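The values are calculated or read from the model by the stated rules, or taken from the named source; none is laboratory data. Since the model is a prediction, treat every value here as computed from it, not as a measurement. Virtual Cβ from ideal backbone geometry, glycine too; neighbours counted across all protein chains shown. Remember, those area values only see protein heavy atoms, side chains included, never the ligands or the DNA or RNA. Shrake-Rupley method; radii C 1.70, N 1.55, O 1.52, S 1.80 Å.
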Amino acid sequence: MKNLLILFCSLLMSGVFGDTENVSVKEGDSVTLQINPEETKGATELVWRLNNTVIAKIDLEGKDKPPPVYTDEKRFRDRLNLERQTGSLTITNITAEHSGEYQMEIRSSGEIKHKTFRVSVSVSVKEGDSVTLQTGVTDGKDVKWKFNGANLTDSRFTNSEVNEQTGDLNISNIGLDQSGEYQVNINGRLHRIFRISISGEENMSVMEGDPVTLHTNATRIQAEDVIQWTFKDSLIAYSNKTTTTGRFDMNLAGSLIILKIRSDDSGLYDVNITGSKHIHKRFNVIVTESRSNGEKTGPGLLVVLILMGIFLMS
C-alpha cells in the first residue's frame, strides 16, 4: 500500500484552529496525518476526531503509559494507529467512508491547540463514464451535494441525479469540466468528500508541417492551476510558468500548440491539470508524410517511366 505522509510544520495558536490541509488519497491506500513533534511537547492528552466524532485518543500523563484508545466503529476496526511520540494518525486501507474532516486536538495545562485535515477519496474515471458517489446511508432526505464548494445547480450537471432513497449521486457520461471535489452533507454536517479525476485518450492523425493544437477542453486556466505536459514521459511544458521553447506553446486554456509538427513528434502526449479543476488527458499523435513531399515524388516517377518507354522503342 502506498503511504502518504502529510507534513505539518506551521505553528498552532492556542484555542484557534490552524491551517487546513487538503489531502486526496486513492481508495485502498494508507495515509498518515503527520503532526510536528514540537507541537505535542508538554501535552497531557491527544484527541483525534472525524467530523466531530472522537475516533482515537491517548493519555500522556498516565504513569504506566497507557496505549491509545480507538473507536469501536466497524469502519475503523484495525485501521488506526496513533503514534504516542508525535500524535500522528495513520489510517490504512482507506475507503470513501473514511473521508471527511479530521481534527487533531492537543490538550495541555491551560491551552488547547488544533489542526484540521480535509481527507478526500480520489476516484479516477474516463471521460464519458458513468459514476456513482455513495453516501453509505439508507435515508437520503437531508442529503446535500456540493461541487467545489457550490451547490449542484449549474447547467453542467444536467447529466446527474440524486437517488431519493440513499442520497447517492449518479453522474452519467461524465465530462472533463466535472472533475473536482464533491462534498456530501447530511443534516447540515460534512459526511464524505470525493475528488474525481477524469482521464481520456484521443487518437490524432496529422500532416507533417501543419500546426496542431492538443485541446484540454478547459475554458480558462486560473492562477492557482498547475499544468504539466509530457511527451513520451519527458516534460515539455509546465505552468504557471511555461518552459516550452521553439515550436511549442500553450494557450489560456492550457492546450498545447505545436507550431510546425515533425515526423519525430509522433507519440503519446499527456496533460495533467490540478488546482481549481482536475483534468488528465492523453493524445496519441501520428504524423503522416506531408502533401508537398508526395507531390515531389510523383512527377519524378513519371519521368522515369517515360524515359524507359523511349529506350524500349528505340
| remark: The strands (runs of 3 or more DSSP E) lying wholly within segment 1-65 that contain at least 1 residues that are of a type in the set (S, T, N, Q) and modelled with pLDDT under 80 are 3-6
| Subset of segment 199-240 (residues that are farther than 17 Å from Ala253 by Cα, assigned to a strand (DSSP E or B) and open to solvent by less than 80 Å² (accessible area, probe 1.4 Å)) | Glu202, Met204, Val206, Met207, Phe231, Ser234
| Of (1) in contact with a Phe, Trp or Tyr (Cβ under 9 Å, 6 or more places away or on another chain); (2) touching a residue at least 40 places away in the same chain (Cβ under 8 Å); (3) of a type in the set (Ser, Thr, Tyr), Tyr70 satisfies all except one. Which? | (2)
| note | Reported set for segment 160-189 where residues are surrounded by fewer than 14 Cβ atoms within 10 Å (Cβ to Cβ) and assigned to a loop (DSSP other than H, G, I, E, B) is Glu164, Gln165, Ser172, Asn173, Asn187, Gly188
| Do we have any residue at all in segment 135-146 that's out of contact with any Phe, Trp or Tyr (no Cβ under 7 Å at 6 or more places or on another chain), outside any loop (DSSP other than H, G, I, E, B) and either open to solvent by less than 10 Å² (accessible area, probe 1.4 Å) or farther than 30 Å from Ile35 by Cβ (or both)? | yes
| task | Select from segment 30-62 the residues that are open to solvent by 20 Å² or more (accessible area, probe 1.4 Å), closer than 30 Å to Ser124 by Cα and touching a residue at least 40 places away in the same chain (Cβ under 8 Å) and list them in ascending order. | result | Gln34, Arg49, Asn51, Asn52
| message | Looking only at segment 117-134, filter to residues that are more than 21 Å from Thr95 (Cβ to Cβ) and not basic (Lys, Arg); which one of those is least open to solvent (accessible area, probe 1.4 Å)? | response | Gly128
| Residues of segment 38-96 satisfying the condition of being over 21 Å from Thr116 (Cβ atoms) and of a type in the set (Gly, Ala, Ser) | Gly42, Gly62
| Are any residues in segment 250-288 open to solvent by less than 60 Å² (accessible area, probe 1.4 Å) and either without any contact (Cβ under 8 Å) to a residue 12 or more places away in the chain or of a type in the set (Gly, Ala, Ser) (or both), and if so, which ones? | Ala253, Gly254, Ser255, Ser266, Gly267, Gly275, Ser276
| query | If the Cβ limit is 6 Å and pairs must be 6+ apart or interchain, which residue in segment 213-234 that is touching a residue at least 60 places away in the same chain (Cβ under 8 Å) and under 18 Å from Gly275 (Cα atoms) pairs with which residue that is of a type outside the set (D, E, K, R) and part of a loop (DSSP other than H, G, I, E, B)? | reply | Thr216/Ala253; Thr216/Gly254; Thr216/Ser255; Ala218/Ala253; Ala218/Gly254
